[in-house]
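The values are calculated or read from the model by the stated rules, or taken from the named source; none is laboratory data. Here the structure is a predicted model, which is why all the values come from computation and not from measurement. Positions of Cβ are generated from backbone atoms using ideal geometry, with glycine treated the same way; all protein chains shown enter the neighbour counts.
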């Protein structure tokens, strides 16, 4: 029995090392690709991202945007996701901007989830800067609906921290995937519209700002209300 348990332990450690090595290779490759592209983090704006993407044409630009959003793993690549989201709407319009961003953000969150599952709690605590314990209380016994509420609110816990914490807390991968993909749609749609409205000016921007405020308040409130009603029943 001892020999068998030792072999299982070695196998698990070997699998973990392979996962970590694979993640390191991916992150290093992404870093050098970004460096080779000439993108400077300090000076990024939606206009510059749009100009860069459209230099490849609309279809190639959309694929590159999807790849950039997917593999911009924070904190390794320190670019806020809202910047990409605005740029997506600005470049591809509100509809395609929303579709591409939802796919990219969901894949990005899934990679963060898997990184946390491979590297463990110590890694998440280091990058969370003291926020993990507070989030741990919310997520420890959470399911799809709790994650959906968190993902729906644009003013909730940091997007990436939720992904990392979910991986550590053994939340099922597909619960995290589906809650993320579904929950971010309202906010992403509004931000993409906001980005697309940059070219239209005044009134469109005001409407977009109003929608951001309304979505951030009403959607989480509605989901919480439905959840509390179900618990009472």
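Okay, here's what the table says:
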{"quantity": "Test: residue in the range 74-83 that is in a helix (DSSP H, G or I), without any contact (Cβ under 8 Å) to a residue 60 or more places away in the chain and surrounded by fewer than 21 Cβ atoms within 10 Å (Cβ to Cβ)", "calculated": "yes"}
{"quantity": "The listed residue being in contact with a helix residue (DSSP H, G or I) (Cβ under 7 Å, 6 or more places away or on another chain), farther than 22 Å from residue 82 by Cβ, part of a helix (DSSP H, G or I) and modelled with pLDDT under 85, out of 126, 145", "calculated": "145"}
